[in-house]
Amino acid sequence: MLYRTAWTWLPAALLFAAGLWIYRRSGAGFSAAQLGGLPELIPGHGEQRLATSGIRSRVRHPVYLGHLCEMLAWSFGTGLVVCYSLTGFAVITGAVMIRLEDRELERRFGEEYREYRRKVPAVVPRLGAR
């Protein structure tokens, strides 16, 4: 344990709430099969379209951002080394997954995706006006 104090649950609660809000927004307009990646795994399984509206107009990979918020919430709230270690591991593996997903999306959507990638950050949204 790195620390034990009750006040750390305040930022943790805000991060939990942010993560849940992000999850909800990232699921808008998507079926459970789409969120689970079935169209990518099963040929001919539904329409292939590049989603760039809603939360995806601010961040390309909102589900990863939601995961990060939830993991940081547990880390801040508990103060446990294991939670911080798992969060670090998730950041590293998430970066690899994002790179692979970006490569696949570029292959699938070409210039449309390259332009989207130039305009919209992967995980951490830009604050302020676009």
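Here is how the numbers come out for the structure above:
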| item | result |
| --- | --- |
| Single condition His45 does not satisfy, out of (1) modelled with pLDDT under 90; (2) touching a Leu at 6+ places or on another chain (Cβ under 7 Å); (3) in a helix (DSSP H, G or I) | (3) |
| Any hit, segment 76-91, residues being under 20 Å from Ala28 (Cβ atoms) and either in contact with a Ser or Thr (Cβ under 8 Å, 6 or more places away or on another chain) or outside any helix (DSSP H, G or I) (or both) | no |
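Yes/no per residue for (1) surrounded by 11 or more Cβ atoms within 10 Å (Cβ to Cβ); (2) at pLDDT below 90; (3) in a helix (DSSP H, G or I):
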residue	(1), (2), (3)
Ala17	yes, no, yes
Pro39	yes, yes, yes
Arg60	yes, no, no
Val63	yes, no, yes
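The values are calculated or read from the model by the stated rules, or taken from the named source; none is laboratory data. The structure displayed is predicted, hence computed values, not measured ones. Reconstructed Cβ throughout: ideal geometry from the backbone, glycine too, with neighbour counts over all protein chains shown.
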